Amino acid sequence: MTAVPARVRAYVACVVGAALLCLLPLPGARAPWWAALLLALLYAGCERAARSRLAGISQPAGTFYPVLLAGAFLLPAPVAALVAVPGALLSHVEHRPVAVRRIWRAAQLVVGVWAAAEVHRLLGGRDAVAEGDVPYALGPAGAAVLAFCLVLALLDGGILAVAERVPVRRAWRGLVARSLAPIAVHGLAGLMMAVLWRSPYGPVAALLVLLPMCVSWWAFAQYHRERGAHQATIRALVQAVDIKDGYTRGHSERVGHASMMIARELGMDDERVEVLRFAGILHDVGKLGVPTRLLRKDGPLTPEERRVIELHPEYGHEMVRGIGFLGEARAAVLHHHERLDGSGYPYGLTGRQIPESARVVAVADAFDAMTSTRSYSRARPVPVALAELERCAGSQFDPAMVTALVEAVGRSGWRPAVTAGDEEVRDRTGATRVPRPGAPVAGRPGAHR
């Protein structure tokens, strides 16, 4: 856990402590342990299969929540909570630290399932399940599902606030709304499993409920494969730009990250944040249509050469306009060099005529250009770059986007990258220079290529 910040370790330790308290009554619990073992094996096997290489994708957590919720409807709370532990501890984890992520997931699920089982018990749901009284069982089951959803959202928002220093209100915004509907469907499937489990047909009939869940998982897998193909398309385009314009290698990814920071600060939903990230990554894809000698030219550009370079937004828009999943990112590719005062290009749009996505990317693009060393300019310190953006807010940049970036960088920091590592930087006349502080690099249209 050495790579995990102390505040995150403390938060995870608190959740693990809460999980252990939930499991504390286990030694004295009276329960059908064979049923708990069967459900635990079923959950672990299904989750592992969903994330296996054979499946071809890495499924998000929660694919087989019906098994956990069936346990909450059938078993005492500590025993039901234990069902989640083997599957969580053996699950496939893509990102490091693996052990911490597995422990966190196990503790989160233990607390969530325990809360659901307790709510279900207190409302008399177990008697309704045992008697097969489905209409009456719906009420306690719905309350249990709500408790499960609230606990997961509370803990997810907490880890987001602690790990990424996201404001608490924004960390929890929308978590319950986004997860309640799918978890409610899983809860209904879990209730059907529990009722059939206690019926004369037994566990075998209960397992049939998982068949539609497997079909839904397969459909979701196709969506993730398609999404993976989208990502591969974007990576290929960006790599082509990086190869062609070596001085700006990595620039696209950083602009995508900065665009995402701005979008989150503005409170955009996750789907728009992802689209804005794509917009930032692909904003310079039109450079593939610009002669390489112009992109790598060290000396000053002639007016004709500058006009050729300023065609790259239109080239880029032509390249991506047929890619439907990019949505408003396509407008950002076309308009990210427009200025609020109308002196930008390619169309000289003003103010709100410029699409919001383009106004976000314009700020992210200029910020990374100023904080990265290139063939024609030395990197500026982050505070200087932010001050320059604020100076140009209202004339070149949207003040709201600038403010969002300043606040996001102030909270999360920024790691500027050197893209041309010479100790001395040549200007467009070939002379060695160091830019004077406050020089209006961001203030000129087309000041960065």
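The values are calculated or read from the model by the stated rules, or taken from the named source; none is laboratory data. Bear in mind that the values here come from a model prediction, so they are computed numbers and not experimental data. When we count neighbours, we look across all protein chains shown, and the Cβ atoms used for this are built from the backbone with ideal geometry, even at glycine. Surface accessibility is based on the protein's heavy atoms, side chains included, excluding ligands, DNA and RNA. Shrake-Rupley method; radii C 1.70, N 1.55, O 1.52, S 1.80 Å.
In plain terms, the chain from ARG48 to VAL168 could stretch by 40.0 nm, reckoned as 0.36 nm per residue minus the Cα-Cα distance. Per residue, the stretch 12-171 exposes 45 Å² of accessible surface when a 1.4 Å probe is rolled over the protein heavy atoms with every protein chain present. Taking label positions 7 Å along the Cα-Cβ direction at both VAL98 and ALA232, the computed distance is 2.4 nm, reported to one decimal.
Multiplying the residue separation of TRP33 and SER199 by 0.36 nm and removing their Cα-Cα distance gives an extension gain of 57.9 nm.
In terms of accessible area, using a 1.4 Å probe and ignoring ligands and nucleic acids, ASP398, ASP133, ASP270 rank largest first as ASP270, ASP133, ASP398.
The length gained on full extension between ASP269 and LEU160, counted as 0.36 nm times the residue separation minus their Cα-Cα distance, comes to 37.7 nm. With a Förster radius of 35 Å applied to the beta-carbon distance between HIS257 and LEU122, the computed FRET efficiency rounds to 0.15. If you take every residue apart from ALA80 with its C-beta less than 12 Å away from the C-beta of ALA80, what net charge results, scoring Lys and Arg +1 and Asp and Glu -1? Neighbour charge sum, excluding ALA80 itself: +1. Within the accessible area of the stretch 108-151, the carbon and sulfur atoms contribute 65%, probe 1.4 Å, all protein chains present. First check a/c for the stretch 283-354, with a ≥ b ≥ c the square roots of the eigenvalues of its C-alpha gyration tensor; if it is under 1.5, answer rounded, and if not, answer prolate when a/b is larger than b/c or oblate otherwise. Oblate is the answer for the stretch 283-354, as a/c is 1.5 or above yet b/c matches or exceeds a/b. Relative contact order of the stretch 257-330: 37 percent, from C-alpha pairs under 8 Å at least 6 residues apart in sequence. A simple charge model with +1 on the Cβ of Lys and Arg, -1 on the Cβ of Asp and Glu and nothing else charged puts the dipole of the stretch 197-355 at about 340 debye relative to its Cα centre. A Cβ-based charge dipole, computed about the Cα centre of the stretch 85-179 with Lys and Arg at +1 and Asp and Glu at -1, lands at about 600 debye. Sequence-distant contacts, meaning Cα pairs under 8 Å at least 6 residues apart, place the relative contact order of the stretch 76-189 at 22 percent. For the stretch 127-169, how big is Rg over Rh, using alpha carbon atoms and the Kirkwood form of Rh? Taking Rh as the inverse mean 1/r over Cα pairs, Rg/Rh reads 1.32. Only protein heavy atoms count here; on that basis, with a 1.4 Å probe, SER395 has an accessible area of about 40 Å².
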